[in-house]
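Visitor: First the structure, then my questions, so here it is.
The values are calculated or read from the model by the stated rules, or taken from the named source; none is laboratory data. Computed from a prediction, not measured in an experiment: that's the story for all the values here. Note that each Cβ is placed from the backbone with ideal geometry, even for glycine, and that neighbours are counted across all protein chains shown.
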Ligand SMILES: [Ca+2]
């Protein structure tokens, strides 16, 4: 009986520890991204602080293709600017600097007066 309780407590502590690590990583990466792209549109800056951080996540902790590319590049934002992580025909750099659309989501109009609204017409 005591062994069963010890196992359950250990499992809970492990889950809390893992969750804490992910929350810390989320906050740090979002902050680093905002520091690296201070002049991008407000909608993308907000995307790193919104619930679920939609810049890199589809839902919850699920990573989108932009986040996968960032992981593979060792979190080097500039290294993947010429890539097209979401495969929508626009590079990550174009989406961040010009279009104001999410580089990890091919259907991501976040600004009604930008490339994102044009993309939405052809879905
Ligand atoms: Ca793209």
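Visitor: Which of the residues belonging to the stretch 27-38 are without any contact (Cβ under 8 Å) to a residue 40 or more places away in the chain and surrounded by fewer than 16 Cβ atoms within 10 Å (Cβ to Cβ)? Before you say what the answer is, go through the steps one by one.
Guide: Step one: list which residues in the stretch 27-38 are without any contact (Cβ under 8 Å) to a residue 40 or more places away in the chain, which gives 27-28, 30-31, 34-35, 38.
Correct list: 27, 28, 31, 35, 38.
Visitor: Any idea how many residues of the stretch 67-87 are near the ligand (Cβ under 8 Å from one of its atoms) and buried (at least 21 other Cβ atoms within 10 Å of the Cβ)?
Guide: 2
Visitor: Considering only the stretch 92-102, I want to know if a residue exists there that is within 11 Å of the ligand (Cβ to nearest atom) and in a loop (DSSP other than H, G, I, E, B).
Guide: yes
Visitor: Still on this model: I'm trying to understand the selection: among the residues of the stretch 46-66, which are in a helix (DSSP H, G or I) and either crowded, with 17+ Cβ neighbours inside 10 Å or within 13 Å of the ligand (Cβ to nearest atom) (or both)?
Guide: Residues of the stretch 46-66 that are in a helix (DSSP H, G or I), as a first pass: 46-47, 65-66.
Residues satisfying the conditions are 47, 65, 66.
Visitor: While we're here: Quick one: residue 67 ticks every box in (1) touching a helix residue (DSSP H, G or I) at 6+ places or on another chain (Cβ under 8 Å); (2) closer than 18 Å to residue 97 by Cα; (3) at pLDDT 90 or above except a single one, so which number is it?
Guide: (1)
Visitor: Please identify the pairs in which a residue from the stretch 79-91 that is assigned to a helix (DSSP H, G or I) has its Cβ atom under 6 Å from the Cβ atom of a residue that is crowded, with 18+ Cβ neighbours inside 10 Å, counting only partners at least 6 apart or on another chain.
Guide: 80/69; 80/92
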